[in-house]
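One structure below.
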Amino acid sequence: MCGLPDVLYIDHGSDFTSHHLEYTAIALKIRLIFSTVGRPQGRGKIERFFGTVNTELLATLPGHLAPGAKAPQPSLDLPALDQAIAGFIATYNERTHREIGTSPKRAWIGDGWLPRMPESLDELDGLLLTVPKHRTVQRDGIHFQGHRYRSSTLAPFVGRPVTIRYDPRDVSEIRVYDHDTFVCVAIDEAHPNERLSLREIETARRARRQQLRKDINDRIPRIADREEPRTTAPVARRSKLRTYEEDE
């Protein structure tokens, strides 16, 4: 089950009103239609599926917050949650649906129509990544988020501006474009074959700043204790006598 829709019916959430989605929809020739504000009836089908996910999947996962219950200790990270949702969708598409009398997968195949596909997977991957960032290729590669990305293909582009796209869930590699033409995938050689998310980088930086601030705050009292007490010189008293200029 795959393909590009001709129409995408969405609400007014920040993700759906973003420039990234608008740019992607234009590139893939998808028409965006926004639902009417304040009328959830127009989103009944997708809201029904969300309800199924909430009751049949999320309620069974560790760390689920039930209504009126005490907040549990979180025990799933985002990759584990993604894996659980992907498994649920695969099972959902294989089981018989009460309304259509067959499974969604069999109904999809039974229609006998060919879905519209992107021209290439590289093009689709590039569009589905984040909003493009502009960087200049340095002699040692492309610098982004404190990391250095390299590829032998970048040699002719040294000193030239390029556009990069990346997956926030895995910034161990970036995709490089010369205007709209795909150039290469550049790798962070410091973390080869290691999945590293942008959130993990930001969390590590925040923890590092907090640790440095704590170290500084801990050192200040020790430095103050080692300093010798300063003796202040007595303040000279001003004379109370007034002086006047002599009259000529």
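The values are calculated or read from the model by the stated rules, or taken from the named source; none is laboratory data. Note that the structure is a prediction, hence the values are computed from the model and not measured. All Cβ positions, even for glycine, are placed from backbone atoms using ideal geometry, and neighbour counts span all protein chains on display.
The residue list V171, V162 contains one member that is surrounded by 10 or more Cβ atoms within 10 Å (Cβ to Cβ), at pLDDT 90 or above and either β-branched (V, I, T) or part of a loop (DSSP other than H, G, I, E, B) (or both), which is V162. Of the residues making up region 22-51, those that are small (G, A, S) and surrounded by 10 or more Cβ atoms within 10 Å (Cβ to Cβ) are A25, A27, S35, G42, G51.
Among the residues of region 179-186, are any part of a loop (DSSP other than H, G, I, E, B) and closer than 30 Å to K29 by Cβ? Yes: region 179-186 contains one or more residues that are part of a loop (DSSP other than H, G, I, E, B) and closer than 30 Å to K29 by Cβ.
Scanning region 1-48 for residues that are without any contact (Cβ under 8 Å) to a residue 40 or more places away in the chain and on the phi > 0 side of the Ramachandran plot yields K29, G38.
For region 86-139, filtered to residues that are in contact with a strand residue (DSSP E or B) (Cβ under 8 Å, 6 or more places away or on another chain) and among the acidic types (D, E), the residue that is surrounded by the fewest Cβ atoms within 10 Å (Cβ to Cβ) is D122. Scanning region 14-63 for residues that are under 23 Å from P115 (Cβ atoms) and of a type in the set (V, I, T) gives T24, I26, I30, I33, I46.
Can you spot a residue in region 13-21 that is surrounded by 12 or more Cβ atoms within 10 Å (Cβ to Cβ) and farther than 30 Å from P132 by Cα? No, because not a single residue in region 13-21 is surrounded by 12 or more Cβ atoms within 10 Å (Cβ to Cβ) and farther than 30 Å from P132 by Cα.
Restricting the search to region 185-195, which residues are within 19 Å of D140 (Cβ to Cβ), surrounded by fewer than 19 Cβ atoms within 10 Å (Cβ to Cβ) and either among the basic types (K, R) or at pLDDT 85 or above (or both)?
Answer for region 185-195, where residues must be within 19 Å of D140 (Cβ to Cβ), surrounded by fewer than 19 Cβ atoms within 10 Å (Cβ to Cβ) and either among the basic types (K, R) or at pLDDT 85 or above (or both): V185, I187.
Scan region 98-114 for residues that are farther than 22 Å from P5 by Cα and either modelled with pLDDT of 90 or more or touching a helix residue (DSSP H, G or I) at 6+ places or on another chain (Cβ under 8 Å) (or both) and jot them down. Passing the criteria: G101, T102. Here I26, I46 are screened, and the one residue that is more than 23 Å from the chain's Cα centre (by Cα) and either modelled with pLDDT of 85 or more or assigned to a helix (DSSP H, G or I) (or both) is I46. Among the residues of region 135-153, is there at least one that is at pLDDT below 80 and touching a Phe, Trp or Tyr at 6+ places or on another chain (Cβ under 8 Å)? The answer is no; no qualifying residue exists.
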